[in-house]
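Only one structure is covered here, and it is reproduced in the block below.
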Amino acid sequence: MGSLSTSFGSFFERSISQMNGLRSQIDRAQTQIATGSRIERGSQDPAAAAALRVLDRRARLTEAASANAAQLGQELGLADRELQGVSALLQRARELAVAAGNSPLGPTGRAAIAAELAQLEQELFARANATTPDGEPLFAGDVAGPAFTRDASGAVIYAGSATVPAIPLAPGTVIERGLPGSQIFEFEQGGVPSSAFAVLGTLASALASGTGDPAAAARDAIAGLDSALDTVGRAQTILGTRAVWVDMIQTEQQGRAVDLAERRSEIGDTQISEAIIRLQQAMTALEASQSAFARISSLSLFRALS
Amino acid sequence: MPIAMFSIGRSGLLASRTGLELTSQNIANATNGDFSRRSLTQSEVVGTGNIGFNSSDAFGGVRLSGIERVQSALVQRQARDSASALASTSAQLQGLAAAETALERTQLFDAMVAFEAALTRLESDPTNIPLRTSVVESARRLAGTFNTANETLANARGLTVGEAEADVMTVNTLTEDLARINRELVAARDGSASKAALLDSRDAALRKLADQLGITASFNENGTVLVTANGTPEVPLVDGGTSAPLSLDVAANGTISFTIGGTGFVPASGAMAGRAAALQGKVEVQDQLDALANNLITLVNTAQAAGSDLAGSPGQPMFAGTGAGNIAVVMVSGAGLATAPGGASPGSRDTANLTALLGGIAAETGPVAGANGMLLQLSSRVAGLELRREGLSIVAATAEGELRREIGVDLDTEAANLVRLQQAFEANSRVIQVAANLFDTILALR
């Protein structure tokens, strides 16, 4: 028997292993199409699988950072709205002070203005203690309690911290979540520390008591109110700038999320057209080898002899 | 004279009939993978005598000298060696692929990133109770995932050990069989069908043995075999009529070691060597997993201890345990998370401590990078083994095909033989008929 002889067994063994190989190719292509993902197990492409893990993590963290940015944007918006209210309120107080300082008013007129000013001071106190929808104080820095409290004498004291916690929104980008109340409502007037509450309170009580020269007290208060307006205006500018910054970061985050998704799809998703062509190729090859097997296996001398 | 023709025809008839039987035997065993094609050796019978200077020949027909089996020592050896190498890599691949599945399907990396994302989310609003609760719950999921991965890995180890234990019995049965075959071969007569059958079973047993353990077989003149297991040291498994038993020891960490006849032995190839390597690999993965869990526990608990919780008291540990098997969340509620630095006032929204923890988690030496690196290393290893197995399976398939071609039955050849032998049988009958006619002719003389 020379090397030309092909034994019965070896032909069948070879045919089986060839057809099994084609069948597993078909199976793989079918799974890729059905799941839409190119990699089922890390070992099919270890480097790509590791890259996918890193991308998935970055996508996940970007998602969390976007949620953080959205929340920060919302808080900055709330703070801005409160400060608009504060600004309008102080404008109104200034108008009242001007009126009380210039036109001769009777005791009833002064009492009315004093009552309105006291009301405004109450509203200012409420706005300074404004909270987020979750009940966190907006202007207390990193302290949990209310930003401003009244002591026994009725004076308003800042109870928050001087610093504000910062939130990292992107690698290297840290934005503070607002301004401490002390930077919004407190200022120095003629070298003496004062606050919007103190100016309003002093003016209201001066007008209410009627002793001394209420008109002069009103004129004095105007400078204090101007300083308070300036301070609030500055705070609004800072918050506005931060809000724009957060907007920019949000846009950037959206862009990054899209980039990450694209990159992920490039690495990990099935290229459908390619997979279908591979499937077709393997199926054609399998069909061909099946029919070739059927023909060759029927070629036997026994068949010819009978 | 016709008398000789009768006996010559008879011997021819016997030879062709035996040939036909042998062909039928070959055809019947065409699908028997252990069967080596047989052929008949024949020799001429001539009687020669001398008287003085006159010599005379007398034809005696044909003699059957024996049943020969195709010689295949070389291809058998190639098939055995390539099968050993393939079985070794396959077993190692199978074991490590199970470890890969254990770590990937449990989504350990995903759980770790979820924990990191929950902590990141908390940075925006550190006193928010729902956000704090979600951190604790994601920590619980992470600890649970570690436990599951640990258990799956232990199961995979147990399966491999179970397989190895079962196959130790297979090896011992095979070596005992080979020792018995050796004893019987000594008594078998050369050229007999029973000897050919014994040699077939010898080669089949050697091939099965080679799947489990790499072996070197050296054959003696009478067909008996000395089997040595490849490895360090090289130990005889079957020597003459005796066999040395293989036994298996399982160490506490899940690795296995072997002895043959009481001598410590490290196999070089075969499924046993692959399983030992796979178990060693799994122990390494287990160590990495434990180190990863321990890294996470230490990192988080150290950060907790450095900060103060929502009530302003020093942070208490979040995780208990030392490894993947016993990691557990001991923090009762989200209020226990120490987001603020040590000494901060109750309800502080300072996130310095949380930021430091996040930095530690995302660091190059942190658990996230560690998990990714571990998975990458494992899957690269599995991918490498897969490539190697692919190459080896081609080599093994080629060697197996070579062996089949060498020893297997070719039906076309057998069909041709059948026709040839049938004709020979008819021709020999014809010889006898002619002899009878000649005899009749002589008897009819008068």
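Quote the FRET efficiency, to the nearest 0.05, computed for B:Ala4 versus B:Ser65 with a Förster distance R0 of 22 Å and r equal to the Cβ-Cβ distance. Spell out each step's value before the answer.
On the way: r = 21 Å, r/R0 = 0.94.
Efficiency computed from Cβ-Cβ geometry: 0.60.
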Relative contact order [Cα under 8 Å, 6+ residues apart], chain B, whole percent: 23
In chain B, taking the dipole from +1 charges on Lys and Arg beta carbons and -1 charges on Asp and Glu beta carbons about the Cα centre, the listed residue (B:Ser43, B:Ala154, B:Ala210) farthest towards the positive end is B:Ser43
Averaged over B:409-417, number of beta-carbon atoms from partner chains that fall within 10 Å: 5
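Quote the charge dipole size of the stretch A:1-98 about the Cα centre in Debye, to the nearest 20; the model charges only the Cβ of Lys and Arg (+1) and of Asp and Glu (-1). Don't skip to the end; give the middle numbers.
Values: 12 positive and 10 negative charges, 41 e Å.
Dipole size: approximately 200 debye.
Classify chain A as rounded, prolate or oblate from the Cα gyration tensor: take a ≥ b ≥ c as the square roots of its eigenvalues, call it rounded if a/c is under 1.5, otherwise prolate when a/b beats b/c and oblate if not. Don't skip to the answer; put the middle values down first.
Values: a/c = 6.55, a/b = 5.66, b/c = 1.16.
Verdict is prolate for chain A.
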Give the shape of the stretch B:1-112 as rounded, prolate or oblate, defined through the alpha-carbon gyration tensor: a ≥ b ≥ c are the square roots of its eigenvalues, a/c under 1.5 means rounded, and otherwise the shape is prolate if a/b is larger than b/c and oblate if not. prolate
Order these by the 10 Å Cβ neighbour count, fewest first: B:Lys195, B:Lys282. B:Lys195, B:Lys282
Once you have the Cα-Cα distance between B:Asp440 and B:Val46, take 0.36 nm times their residue separation minus that, and quote the gain in nm to one decimal. 139.2 nm
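How many percent of Cα pairs in the stretch A:123-223 exceed 22 Å? List each step's numbers first, then the result.
Details: 2142 of 5050 pairs.
Tail of P(r) above 22 Å: 42 percent of Cα pairs.
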Please report, in whole Å, how far the alpha carbons of the stretch A:182-306 spread along each principal axis, starting with the longest. 139, 21, 18
Of A:Phe125, A:Pro137, A:Leu169, which is farthest on the positive side of the dipole of the stretch A:79-255, counting Cα position, with +1 on Lys and Arg Cβ, -1 on Asp and Glu Cβ, and the Cα centre as origin? A:Phe125
Note to self, chain B gives a 222 nm [θ] from helices alone (DSSP H runs n ≥ 4, -39500 (n - 2.57) apiece, / all residues, nearest 500) of -22500 deg cm²/dmol
What size of dipole, in debye to the nearest 20, comes out for the protein assembly as shown about its Cα centre when the only charges are +1 on Lys and Arg C-beta atoms and -1 on Asp and Glu C-beta atoms? 2480
Could you list log10 I(q)/I(0) for chain B at q = 0.06, 0.07, 0.09, 0.14 Å⁻¹, which the Debye formula gives when each Cα is one point scatterer? -0.50, -0.59, -0.77, -1.17
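Quick check on the protein assembly as shown: what are the equivalent-ellipsoid semi-axes from the Cα gyration tensor, as sqrt(5λ), descending, whole Å? Don't skip to the answer; put the middle values down first.
Details: eigenvalues 1994, 151, 38 Å².
They are 100, 28, 14 Å, listed from largest to smallest.
Given a cut-off of under 8 Å on Cα pairs at least six residues apart, what relative contact order in percent is computed for the stretch A:1-150? Spell out each step's value before the answer.
Working: 52 pairs, mean separation 20.3, N = 150.
Across the stretch A:1-150, relative contact order equals 14 percent.
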On a 0 to 90 degree scale, rounded to 10, what angle separates helix B:367-407 from the longest Cα axis of chain B? 0
Counting other beta carbons within 10 Å of each residue's own, what order do A:Ser17, A:Ser153, B:Ser72 fall into, fewest first? A:Ser153, A:Ser17, B:Ser72
Rounded to the angstrom and largest first, Cα extents along the principal axes for the stretch B:241-367 equal 86, 27, 17
Take every Cα pair under 8 Å in the stretch A:79-255 that's 6+ residues apart, average their separations, divide by the length, and report that relative contact order as a whole percent. 27
Centroid-to-centroid separation of the stretch B:1-33 and the stretch B:46-60 [C-alpha atoms, Å]: 28
Translational D (Stokes-Einstein, µm²/s) of the stretch B:349-405 at 37 °C and 0.692 mPa s when Rh comes from the Kirkwood sum over C-alpha pairs? 218
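Summarise the partner chain shielding of B:107-113 as one whole number: the mean count of Cβ atoms from other chains within 10 Å of each residue's Cβ. If you can, show how the numbers build up before the last one.
Values: counts 0, 0, 7, 4, 0, 2, 9.
The per-residue average across the peptide is 3.
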Counting only residues 5 or more apart in sequence or on a different chain, those whose built amide H sits under 5 Å from that of A:Asp269 are A:Arg38
Potential extension, B:Gln377-B:Ala306 segment - 0.36 nm per residue separation minus Cα distance: 22.2 nm
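What does the average come to when, for each residue of peptide A:131-142, you count the partner chain Cβ atoms lying within 10 Å of its Cβ? Could you put the intermediate results ahead of the total?
Details: counts 0, 2, 0, 6, 2, 6, 1, 0, 0, 2, 3, 11.
Taking all residues of A:131-142 together, the mean is 3.
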I want to check the label-to-label distance for A:Val258 and A:Thr211. Put each point 7 Å from Cα in the C-beta direction and report it in nm to one decimal. 7.0
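In square nanometres, what is the average projected area of the Cα convex hull of the stretch A:79-255? Don't skip to the answer; put the middle values down first.
Values: hull surface 46.1 nm².
If I average the Cα hull's projected area over directions, I get 11.5 nm².
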Taking chain B as a Gaussian network, where each spring joins two C-alpha atoms under 10 Å apart, which residue of B:Glu100, B:Glu21, B:Glu390 fluctuates the most? B:Glu21
In terms of modelled amide H atoms, which long-range or inter-chain residues lie less than 5 Å from the amide H of B:Val409? A:Phe8, A:Gly9
Work out the charge dipole of the protein assembly as shown with +1 on the Cβ of Lys and Arg and -1 on the Cβ of Asp and Glu about the Cα centre, then indicate which of B:Gly321, A:Ala257, B:Gly191 is farthest towards its positive end. B:Gly191
With θ set to phi - 60°, apply the Karplus curve 6.51 cos²θ - 1.76 cosθ + 1.60 along the stretch A:104-110 and write out the HN-Hα couplings as whole Hz, x wherever there is a Gly or Pro. x, 10, x, x, 5, x, 4
Hey, in the GNM for chain A with a 10 angstrom Cα cutoff, which one of A:Ala79, A:Ala34, A:Ala235 fluctuates hardest? A:Ala34
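What is the extension gain from A:Thr241 to A:Gln122, computed as 0.36 nm multiplied by their sequence separation minus the C-alpha to C-alpha distance, in nm to one decimal?
Working: separation 119, 0.36 × 119 = 42.84 nm, distance 2.89 nm.
Contour length minus the Cα-Cα distance gives 40.0 nm.
Is there a quick way to get the dipole size of the stretch A:155-306? I mean about its Cα centre, with the Cβ of Lys and Arg at +1 and of Asp and Glu at -1; what is the value in debye to the nearest 20? Please report the intermediate quantities before stating the final value.
Numbers: 10 positive and 15 negative charges, 208 e Å.
The dipole of the stretch A:155-306 has a size of about 1000 debye.
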When a footprinting reagent is the concern and you count Cβ atoms within 10 Å, what order do B:Met112, B:Met318, A:Met248, A:Met19 take, fewest first? A:Met248, A:Met19, B:Met318, B:Met112
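Computed from the coordinates by the stated procedures, all read-outs in this text should not be read as laboratory data. As the structure is a prediction and not an experimental result, all values here were calculated from the model. Positions of Cβ are backbone-derived with ideal geometry, glycine not excepted, and every protein chain shown enters the neighbour counts.
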